[in-house]
Amino acid sequence: MHWLEKWLLPSRCVIRDKPSEQLDLSSELVASWPVPESVCPCCCEPCSEASAGSVCGTCLLNPPAFDRTQVGFYFDAELVALLHAFKYGHQMAYGRILADLLSSRLEASNIDALVAVPIHPLRRRERGFNQAEQIAMPLAKALRIPLIRGAVKRVKNTPSQTHLNKAQRQRNLKRAFAVEAERFSGVRRIALIDDVITTGATMQQLAQAIKADTGIDYVESWAVAKTK
Ligand SMILES: [Zn+2]
(Lines give C-alpha, C1' and ligand atoms only; values in the text may rest on other atoms or scores of the structure.)
Protein backbone atom coordinates (compact mmCIF):
# COMPACT_ATOMS: atom_id res chain seq x y z
CA MET A 1 0.00 0.00 0.00
CA HIS A 2 1.19 3.53 -0.73
CA TRP A 3 2.47 5.26 2.47
CA LEU A 4 0.01 8.14 2.11
CA GLU A 5 -2.93 5.79 1.69
CA LYS A 6 -1.71 3.86 4.69
CA TRP A 7 -1.46 7.04 6.75
CA LEU A 8 -4.89 8.27 5.69
CA LEU A 9 -6.56 4.87 5.92
CA PRO A 10 -4.71 2.81 8.52
CA SER A 11 -5.60 -0.90 8.50
CA ARG A 12 -8.09 -1.98 11.13
CA CYS A 13 -8.95 -5.51 12.08
CA VAL A 14 -12.46 -6.06 10.69
CA ILE A 15 -13.26 -8.51 13.48
CA ARG A 16 -11.70 -6.85 16.55
CA ASP A 17 -12.02 -3.27 15.28
CA LYS A 18 -8.48 -2.43 16.46
CA PRO A 19 -5.56 -1.15 14.38
CA SER A 20 -3.71 -3.93 12.57
CA GLU A 21 -0.42 -4.07 10.65
CA GLN A 22 -1.52 -4.68 7.11
CA LEU A 23 -4.04 -7.41 6.57
CA ASP A 24 -7.22 -5.71 7.85
CA LEU A 25 -7.09 -8.50 10.40
CA SER A 26 -5.06 -8.58 13.57
CA SER A 27 -2.12 -10.96 13.19
CA GLU A 28 -2.70 -12.29 16.73
CA LEU A 29 -6.22 -13.22 15.76
CA VAL A 30 -5.06 -15.03 12.62
CA ALA A 31 -2.33 -16.78 14.62
CA SER A 32 -4.99 -18.16 16.97
CA TRP A 33 -6.87 -19.95 14.20
CA PRO A 34 -6.21 -23.68 13.94
CA VAL A 35 -4.23 -24.68 10.84
CA PRO A 36 -4.09 -28.12 9.24
CA GLU A 37 -0.74 -29.70 10.07
CA SER A 38 -0.82 -33.50 10.16
CA VAL A 39 -3.32 -34.28 7.42
CA CYS A 40 -4.23 -36.69 4.65
CA PRO A 41 -3.06 -34.79 1.52
CA CYS A 42 -6.08 -35.95 -0.44
CA CYS A 43 -8.94 -34.85 1.85
CA CYS A 44 -7.09 -32.67 4.40
CA GLU A 45 -8.66 -34.55 7.32
CA PRO A 46 -6.46 -34.44 10.42
CA CYS A 47 -4.47 -37.60 11.17
CA SER A 48 -1.72 -38.69 13.56
CA GLU A 49 1.67 -37.08 13.16
CA ALA A 50 3.11 -40.47 12.15
CA SER A 51 0.75 -40.87 9.19
CA ALA A 52 0.90 -37.22 8.02
CA GLY A 53 1.42 -37.06 4.28
CA SER A 54 0.00 -40.51 3.59
CA VAL A 55 -3.46 -40.98 2.09
CA CYS A 56 -6.02 -41.90 4.76
CA GLY A 57 -8.10 -45.09 4.86
CA THR A 58 -11.27 -43.31 3.74
CA CYS A 59 -9.57 -41.90 0.62
CA LEU A 60 -7.89 -45.25 -0.15
CA LEU A 61 -11.22 -47.04 0.06
CA ASN A 62 -13.18 -44.42 -1.90
CA PRO A 63 -10.69 -42.27 -3.82
CA PRO A 64 -12.17 -38.78 -4.27
CA ALA A 65 -12.30 -37.22 -7.76
CA PHE A 66 -9.95 -34.48 -6.53
CA ASP A 67 -6.29 -35.32 -6.02
CA ARG A 68 -5.35 -32.99 -3.21
CA THR A 69 -7.05 -30.64 -0.74
CA GLN A 70 -5.46 -27.50 0.66
CA VAL A 71 -7.21 -25.22 3.13
CA GLY A 72 -5.97 -22.23 5.07
CA PHE A 73 -7.56 -23.04 8.40
CA TYR A 74 -9.96 -25.24 10.28
CA PHE A 75 -13.18 -23.60 11.44
CA ASP A 76 -12.88 -21.21 14.33
CA ALA A 77 -15.66 -18.98 15.75
CA GLU A 78 -14.15 -15.66 14.58
CA LEU A 79 -13.21 -16.99 11.18
CA VAL A 80 -16.75 -18.30 10.75
CA ALA A 81 -18.04 -14.83 11.73
CA LEU A 82 -15.82 -13.28 9.05
CA LEU A 83 -16.96 -15.79 6.42
CA HIS A 84 -20.57 -15.25 7.42
CA ALA A 85 -20.30 -11.46 7.16
CA PHE A 86 -18.65 -11.88 3.77
CA LYS A 87 -21.27 -14.26 2.39
CA TYR A 88 -24.51 -13.02 3.91
CA GLY A 89 -23.66 -9.49 5.07
CA HIS A 90 -22.70 -8.16 1.62
CA GLN A 91 -19.12 -7.54 2.75
CA MET A 92 -17.69 -8.25 -0.68
CA ALA A 93 -14.36 -6.62 0.19
CA TYR A 94 -13.66 -9.44 2.64
CA GLY A 95 -12.99 -11.65 -0.38
CA ARG A 96 -9.61 -9.98 -0.81
CA ILE A 97 -8.77 -10.37 2.89
CA LEU A 98 -9.63 -14.06 2.72
CA ALA A 99 -7.63 -14.50 -0.51
CA ASP A 100 -4.61 -12.80 1.14
CA LEU A 101 -4.82 -15.18 4.08
CA LEU A 102 -5.13 -18.20 1.85
CA SER A 103 -2.51 -17.33 -0.77
CA SER A 104 0.41 -17.45 1.67
CA ARG A 105 -0.57 -20.94 2.78
CA LEU A 106 -0.91 -22.68 -0.57
CA GLU A 107 1.52 -24.75 -2.54
CA ALA A 108 0.49 -23.73 -6.04
CA SER A 109 3.51 -24.32 -8.27
CA ASN A 110 1.99 -27.18 -10.27
CA ILE A 111 -1.42 -25.59 -10.93
CA ASP A 112 -2.18 -24.26 -14.45
CA ALA A 113 -5.47 -22.49 -13.72
CA LEU A 114 -8.02 -21.73 -11.02
CA VAL A 115 -11.79 -22.31 -11.20
CA ALA A 116 -14.26 -20.86 -8.69
CA VAL A 117 -17.02 -23.20 -7.52
CA PRO A 118 -20.13 -21.79 -9.21
CA ILE A 119 -23.42 -20.99 -7.51
CA HIS A 120 -26.80 -21.17 -9.22
CA PRO A 121 -27.81 -17.95 -11.05
CA LEU A 122 -30.86 -17.59 -8.79
CA ARG A 123 -28.73 -17.70 -5.68
CA ARG A 124 -26.25 -15.33 -7.27
CA ARG A 125 -29.06 -12.87 -7.92
CA GLU A 126 -30.21 -13.13 -4.30
CA ARG A 127 -26.72 -12.66 -2.86
CA GLY A 128 -25.45 -10.26 -5.51
CA PHE A 129 -22.17 -12.16 -6.02
CA ASN A 130 -20.55 -15.57 -5.95
CA GLN A 131 -18.42 -15.72 -2.80
CA ALA A 132 -16.03 -18.29 -4.31
CA GLU A 133 -15.36 -16.01 -7.28
CA GLN A 134 -14.71 -13.03 -4.99
CA ILE A 135 -11.96 -15.08 -3.33
CA ALA A 136 -10.68 -16.66 -6.57
CA MET A 137 -10.15 -13.32 -8.39
CA PRO A 138 -7.67 -11.76 -5.92
CA LEU A 139 -6.16 -15.20 -5.27
CA ALA A 140 -5.42 -15.69 -8.99
CA LYS A 141 -3.78 -12.28 -9.04
CA ALA A 142 -1.68 -12.98 -5.93
CA LEU A 143 -0.54 -16.36 -7.20
CA ARG A 144 -0.21 -15.22 -10.84
CA ILE A 145 -2.28 -18.15 -12.05
CA PRO A 146 -5.07 -17.56 -14.60
CA LEU A 147 -8.66 -17.85 -13.44
CA ILE A 148 -11.00 -19.61 -15.88
CA ARG A 149 -14.38 -17.89 -15.59
CA GLY A 150 -17.77 -19.08 -16.78
CA ALA A 151 -16.55 -22.57 -17.76
CA VAL A 152 -18.61 -24.40 -15.15
CA LYS A 153 -22.19 -23.61 -14.30
CA ARG A 154 -24.46 -24.75 -11.56
CA VAL A 155 -27.54 -25.95 -13.41
CA LYS A 156 -29.46 -27.28 -10.44
CA ASN A 157 -30.49 -24.94 -7.66
CA THR A 158 -29.79 -27.23 -4.74
CA PRO A 159 -31.49 -26.35 -1.48
CA SER A 160 -29.29 -25.40 1.46
CA GLN A 161 -26.97 -28.28 2.23
CA THR A 162 -26.42 -27.39 5.85
CA HIS A 163 -28.72 -29.96 7.39
CA LEU A 164 -27.91 -32.84 5.06
CA ASN A 165 -25.48 -35.66 5.71
CA LYS A 166 -22.77 -36.65 3.25
CA ALA A 167 -24.84 -39.21 1.29
CA GLN A 168 -27.79 -36.81 1.07
CA ARG A 169 -25.53 -34.00 -0.11
CA GLN A 170 -24.05 -36.18 -2.84
CA ARG A 171 -27.52 -37.20 -4.06
CA ASN A 172 -28.59 -33.59 -3.89
CA LEU A 173 -25.64 -32.54 -6.06
CA LYS A 174 -26.07 -35.18 -8.79
CA ARG A 175 -25.81 -33.50 -12.21
CA ALA A 176 -25.64 -30.13 -10.48
CA PHE A 177 -22.86 -28.84 -12.77
CA ALA A 178 -22.51 -28.23 -16.52
CA VAL A 179 -19.00 -28.02 -17.96
CA GLU A 180 -17.89 -26.17 -21.09
CA ALA A 181 -15.01 -28.42 -22.08
CA GLU A 182 -13.49 -26.13 -24.74
CA ARG A 183 -12.79 -23.50 -22.08
CA PHE A 184 -10.28 -25.91 -20.53
CA SER A 185 -8.26 -26.58 -23.68
CA GLY A 186 -4.53 -26.66 -23.04
CA VAL A 187 -5.05 -26.91 -19.27
CA ARG A 188 -4.14 -30.08 -17.38
CA ARG A 189 -3.99 -29.25 -13.69
CA ILE A 190 -6.51 -27.03 -11.95
CA ALA A 191 -7.52 -25.95 -8.46
CA LEU A 192 -11.18 -25.45 -7.52
CA ILE A 193 -11.79 -22.56 -5.13
CA ASP A 194 -14.54 -22.29 -2.53
CA ASP A 195 -14.97 -20.32 0.68
CA VAL A 196 -15.44 -23.39 2.89
CA ILE A 197 -15.31 -27.18 2.67
CA THR A 198 -17.65 -29.09 4.95
CA THR A 199 -18.22 -32.65 3.70
CA GLY A 200 -16.35 -32.17 0.43
CA ALA A 201 -19.43 -33.28 -1.56
CA THR A 202 -19.51 -30.13 -3.73
CA MET A 203 -15.81 -30.44 -4.62
CA GLN A 204 -16.30 -34.14 -5.32
CA GLN A 205 -19.18 -33.57 -7.76
CA LEU A 206 -17.50 -30.67 -9.52
CA ALA A 207 -14.14 -32.46 -9.85
CA GLN A 208 -15.93 -35.54 -11.16
CA ALA A 209 -17.86 -33.52 -13.76
CA ILE A 210 -14.74 -31.66 -14.95
CA LYS A 211 -12.59 -34.80 -15.19
CA ALA A 212 -15.36 -36.65 -17.05
CA ASP A 213 -15.92 -33.89 -19.62
CA THR A 214 -12.44 -32.41 -20.21
CA GLY A 215 -8.78 -33.38 -20.57
CA ILE A 216 -8.08 -32.28 -16.98
CA ASP A 217 -6.41 -35.11 -15.10
CA TYR A 218 -5.41 -33.38 -11.87
CA VAL A 219 -7.73 -31.38 -9.61
CA GLU A 220 -6.98 -29.80 -6.27
CA SER A 221 -9.67 -28.45 -3.97
CA TRP A 222 -8.83 -25.25 -2.14
CA ALA A 223 -10.82 -23.34 0.47
CA VAL A 224 -10.24 -20.77 3.17
CA ALA A 225 -11.60 -23.03 5.88
CA LYS A 226 -12.70 -26.56 6.51
CA THR A 227 -14.61 -28.29 9.28
CA LYS A 228 -12.35 -30.52 11.35
ZN1 LIG B 1 -8.14 -38.65 3.10
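The values are calculated or read from the model by the stated rules, or taken from the named source; none is laboratory data. Note that the structure is a prediction, hence the values are computed from the model and not measured. Note that each Cβ is placed from the backbone with ideal geometry, even for glycine, and that neighbours are counted across all protein chains shown.
Brief remarks on what is shown
- Residue within region 77-99 that is within 20 Å of residue 219 (Cα to Cα) and at pLDDT 90 or above present: yes
- Matching residues in region 78-91 - criterion: being more than 22 Å from residue 206 (Cβ to Cβ) and buried (at least 21 other Cβ atoms within 10 Å of the Cβ): 79, 82
- Of the residues making up region 54-75, those that are touching a residue at least 60 places away in the same chain (Cβ under 8 Å) and either more than 9 Å from the ligand (Cβ to nearest atom) or among the small types (Gly, Ala, Ser) (or both) are 65, 66, 67, 68, 70, 71, 72, 73, 74, 75.
- None of 75, 66 is touching a helix residue (DSSP H, G or I) at 6+ places or on another chain (Cβ under 6 Å) and either under 30 Å from residue 128 (Cβ atoms) or crowded, with 18+ Cβ neighbours inside 10 Å (or both) except 66.
- Residues that are out of contact with any His (no Cβ under 7 Å at 6 or more places or on another chain), closer than 28 Å to residue 175 by Cα, of a type in the set (D, E, K, R) and in contact (Cβ under 8 Å) with a residue 40 or more places away in the chain do not occur anywhere in region 92-110.
- Residues that are more than 9 Å from the ligand (Cβ to nearest atom) and out of contact with any Ser or Thr (no Cβ under 7 Å at 6 or more places or on another chain) were ranked within region 36-53; the one that is farthest from residue 136 (Cα to Cα) is 50.
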